[in-house]
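The values are calculated or read from the model by the stated rules, or taken from the named source; none is laboratory data. No experiment lies behind these values; they were computed from the predicted model shown. FYI the Cβ positions are ideal-geometry reconstructions off the backbone, even for glycines, and counts take in every protein chain you see.
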2 protein chains.
Amino acid sequence: MCKVNDNYLKLQGRYLFSSIGKKVAKFKENNPDKKVISLGIGDVTQPLAPVIIDTLHKSVDEMGHRDTFKGYAPDLGYEFLRSVIINGDYESRGVDISIDEVFINDGINSDAGNIQELFSIDNKVAVCDPVYPVYVDSNVMAGRAGTYDKATQMWSNVIYMPCTPDNNFVPDIPKEIPDIIYLCFPNNPTGTTITKDKLQVWVDYANKVKAVIIYDAAYEAYISEDNAAHTIYECEGAKKCAIELKSFSKSSGFTGLRLGYTIVPKELKCSEVSLNPLWARHYGTKYNGTPYIVQRAGEAVYTETGRRQIKKQIDYYKNNAKVMLEGLRKAGYSVYGGVNAPYIWLKTPNNMTSWEFFYYLLEKANIVGTPGSGFGPVGEGYFRLTAFGTYENTLESIERIKKL
Amino acid sequence: MCKVNDNYLKLQGRYLFSSIGKKVAKFKENNPDKKVISLGIGDVTQPLAPVIIDTLHKSVDEMGHRDTFKGYAPDLGYEFLRSVIINGDYESRGVDISIDEVFINDGINSDAGNIQELFSIDNKVAVCDPVYPVYVDSNVMAGRAGTYDKATQMWSNVIYMPCTPDNNFVPDIPKEIPDIIYLCFPNNPTGTTITKDKLQVWVDYANKVKAVIIYDAAYEAYISEDNAAHTIYECEGAKKCAIELKSFSKSSGFTGLRLGYTIVPKELKCSEVSLNPLWARHYGTKYNGTPYIVQRAGEAVYTETGRRQIKKQIDYYKNNAKVMLEGLRKAGYSVYGGVNAPYIWLKTPNNMTSWEFFYYLLEKANIVGTPGSGFGPVGEGYFRLTAFGTYENTLESIERIKKL
């Protein structure tokens with residue numbers, strides 16, 4: 001008789017964004033005359049850059065001719081893409097990454113969810129609070145999170161590291177020693193980031209206690225300030241303790257195209273075993289590669305024209321963030337983030353809970369945001385807005401919020 | 001201190017096809033003058049059909065304009081694709097599948113590897129022998145396979161169901177009762193298939209013992225004979241016990257484009273729990289959707305033009321299979337399959353082992369095939385050739401083999 005994986009049954013409610021999607025769909029159905037603006041899910045709105053469109057057309061044509069048709073991609077991705085990544089994202093910052101340390105995937109989400117498979121079930125996981133839900137949920141599904149306590153909204157076997165205005169949203173080293181540490185900088189959801197010096201403290205700590213850091217750098221392209229780390233490997237010793245996840249989604253508008261990569265350094269060991277060949281085995285067994293045309297599109301991002309066009313797009317969203325920060329401050333809100341990341345993290349007014357503010361904003365201003373409590377208990381009383389809307393919608397939302 | 005998932009360390013050697021790839025690369029390096037023909041990995045060689053190319057261009061253009069740009073796809077896939085799948089692959093065969101039972105993915109491999117996550121670690125898995133390696137390997141990685149015995153080449157906690165000429169390569173019901181049963185028809189690697197009547201026996205058995213069947217129908221488009229099942233849901237009661245995996249890779253040449261789907265019927269329960277919402281949660285958490293342009297390409301397959309163009313391509317490969325079957329028979333080989341599937345399964349001559357024949361064929365005829373023993377212990381003494389080569393290469397290989 002087949003038995004279910006009952007860890008799946010422990011998951012709390014629906015996945016956050018699916019849940020919000022359903023609520024918004026219902027509101028729209030009941031209010032067909034209202035123009036709802038979404039600053040909720042972090043999805044881009046600008047079309048793909050011209051050079052990416054051209055490259056896609058060119059590589060689609062290749063797929064239509066026998067001599068240039070491409071079947072299965074190499075397990076870890078095409079070398080043409082992996083080499084421009086190394087050159088553009090690492091060598092340029094003085095970081096030495098070799099080609100077989102780069103794993104091309106279909107966006108950060110799959111690897112962020114699956115990377116925990118490399119580790120034994122009895123490892124203790126530490127996450128920031130608030131946190132991107134996939135880190136915790138994927139560990140719940142694997143049976144690593146323990147039991148959920150409804151009162152505290154915490155899993156018994158997860159170490160929560162509060163990120164608040166008091167610590168500038170950079171977690172302190174926890175009292176209990178973790179085995180796996182998830183860090184995301186620039187941060188989703190708080191929109192803040194970490195300096196290279198502070199990240200070095202985490203790297204040194206991980207090496208000392210032999211923990212592995214899973215470093216999500218999906219928003220790296222939004223960094224504006226000089227002292228922030230663009231990759232964890234800028235820190236000394238990081239190749240001995242850290243896996244880095246990167247994405248084309250938010251830097252190049254690939255949310256609907258799907259492309260990302262994971263760096264697993266060969267020096268990185270766990271139980272005296274190098275994780276790089278194990279992750280290669282994971283790819284070889286459970287993944288059949290990212291579409292050729294999408295990998296070519298990724299390559300185009302690193303051309304001179306690509307860089308220029310992409311920068312324009314990032315500047316567009318950064319300007320949205322600026323407009324939001326200024327407008328919300330004028331409206332009397334306490335706001336954080338938005339300088340090195342496309343997210344604004346705001347304190348809800350009048351001690352509203354995050355969900356109260358969600359409904360308030362949806363009903364009174366027809367704006368969709370994300371309740372901070374959806375990201376963890378410390379997110380209660382906070383709210384996330386994204387800068388990924390159009391400029392016009394962003395302006396309009398701020399005007400609507402000012403009028404509340 | 002971080003501990004590794006030591007189930008990964010139990011895996012035997014490299015993944016079969018990665019391993020063959022390395023050996024062939026080495027041979028080519030040492031023999032740059034030799035024209036090596038690959039009939040090894042089941043990768044297509046014909047370019048994408050014109051209607052797919054046109055659709056890709058059109059949808060790429062949509063991604064380049066603000067009004068038609070698409071970001072994240074819906075969790076389970078776009079409805080435009082899911083509805084043509086239901087209509088084309090199920091309604092047309094009298095099978096009633098609802099839209100929220102269809103999960104669009106990036107090809108069969110990811111779901112074939114991940115689907116076991118839905119089940120508890122202490123389930124007993126049954127597989128055909130020989131078998132597509134992903135089923136067993138993904139269960140090894142999850143810790144469900146027990147220990148490996150080098151002498152028998154078997155995992156202690158896996159039930160192996162021999163498929164040989166004696167049972168026409170359709171497994172008998174095993175003596176020990178399994179909890180999860182992997183079936184693949186038309187079969188990879190043997191190239192044979194199952195009749196609807198015999199599949200009904202398996203469905204009835206699974207319902208009786210409350211096992212779940214994971215039915216891989218990746219090669220369904222190659223069925224030529226009337227009495228074969230095109231989907232397991234043609235069998236009565238299958239929606240209560242079976243998950244079906246389908247792929248566009250081999251039917252429509254999508255190995256480099258990546259598209260497939262999984263059917264998880266809402267009626268299917270395990271430990272009294274419906275698996276459909278759990279799999280939806282898996283998608284919502286660990287997968288961020290298949291590229292919009294690829295989903296549009298999949299939709300094009302179901303148009304009248306699409307069907308006509310795809311049929312021509314399948315007929316091309318089927319003709320290769322026919323040429324191979326006839327040629328190999330003339331050359332004195334015992335051959336199986338090739339009628340309802342794009343694979344030929346042959347008995348190695350002179351009692352060679354599968355790997356002996358691999359090197360013999362590579363060195364003497366410069367042809368790459370796949371050693372049967374790579375698919376399981378009963379595959380020893382057999383060899384797989386694919387019909388996915390070009391017609392010219394297929395003809396040439398057969399001539400080379402005849403001359404041996």
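Structure notes:
- Top-ranked residue of segment A:41-57 - restricted to ones that are at the interface with chain B (Cβ under 10 Å from one of its Cβ atoms) and either touching a Cys at 6+ places or on another chain (Cβ under 7 Å) or assigned to a helix (DSSP H, G or I) (or both), ranked as farthest from A:T190 (Cα to Cα): A:H57
- Of all residues making up segment A:176-219, the number that are over 29 Å from A:S156 (Cβ atoms) and touching a Lys or Arg at 6+ places or on another chain (Cβ under 7 Å): 2
- Only one of the numbered conditions (1) on the phi > 0 side of the Ramachandran plot; (2) part of a helix (DSSP H, G or I) is not met by A:D197, and that is (1).
- On the stretch given as segment A:95-109, residues that are part of a helix (DSSP H, G or I), closer than 23 Å to B:N288 by Cβ and in contact with an Asp or Glu (Cβ under 9 Å, 6 or more places away or on another chain) total 1.
- Whichever residue in segment A:132-164 is away from every other protein chain (no Cβ under 13 Å) and among the aromatic types (F, W, Y) and, among such residues, is surrounded by the fewest Cβ atoms within 10 Å (Cβ to Cβ): A:Y148
- Segment A:69-102 - residue that is of a type in the set (G, A, S) and surrounded by 19 or more Cβ atoms within 10 Å (Cβ to Cβ) and, of those, farthest from B:G256 (Cα to Cα): A:G77
- Residue identified as among the polar types (S, T, N, Q) and at pLDDT 95 or above among B:Q200, B:Q153: B:Q200
- Filtered residues of segment A:280-308 (kept if part of a loop (DSSP other than H, G, I, E, B) and among the hydroxyl-bearing types (S, T, Y)): A:Y287, A:T290, A:Y302, A:T303
- Out of A:K311, A:K322, A:K269, one residue alone is under 17 Å from B:V4 (Cα atoms) and not acidic (D, E). It is A:K269.
- Among residues of segment A:321-370, those that are in a helix (DSSP H, G or I) and hydroxyl-bearing (S, T, Y), counted: 3
For (1) assigned by TED's automatic domain parsing to the domain that holds B:D96; (2) in contact (Cβ under 8 Å) with a residue 24 or more places away in the chain; (3) assigned to a loop (DSSP other than H, G, I, E, B), each residue gets a yes or a no:
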position	(1), (2), (3)
B:C2	no, no, yes
B:I20	no, yes, no
B:A25	no, no, no
B:K35	no, yes, yes
B:F69	yes, no, yes
B:P74	yes, yes, yes
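- Looking across segment B:210-251, the residues that are of a type in the set (G, A, S), within 12 Å of chain A (Cβ to nearest Cβ) and under 18 Å from B:D89 (Cβ atoms) come down to B:A218, B:A242, B:S247, B:S249.
- Matching residues, segment B:15-37, being within 11 Å of chain A (Cβ to nearest Cβ) and in contact with a helix residue (DSSP H, G or I) (Cβ under 7 Å, 6 or more places away or on another chain): B:Y15, B:L16, B:S18
- Within segment B:119-131, the set of residues being in a loop (DSSP other than H, G, I, E, B) and within 11 Å of chain A (Cβ to nearest Cβ) comprises B:S120, B:I121, B:D122, B:N123, B:K124.
- Some residue of segment B:242-258 being farther than 30 Å from A:I293 by Cα and modelled with pLDDT of 95 or more: yes
- Filter result for the condition that a residue is under 24 Å from A:N340 (Cβ atoms), aliphatic (A, V, I, L, M) and surrounded by fewer than 24 Cβ atoms within 10 Å (Cβ to Cβ), over A:A238, A:A228: A:A228
- Unique residue being within 14 Å of chain A (Cβ to nearest Cβ), surrounded by fewer than 20 Cβ atoms within 10 Å (Cβ to Cβ), touching a residue at least 40 places away in the same chain (Cβ under 8 Å) and more than 21 Å from the chain's Cα centre (by Cα) when the list is B:A280, B:A300, B:A331: B:A280
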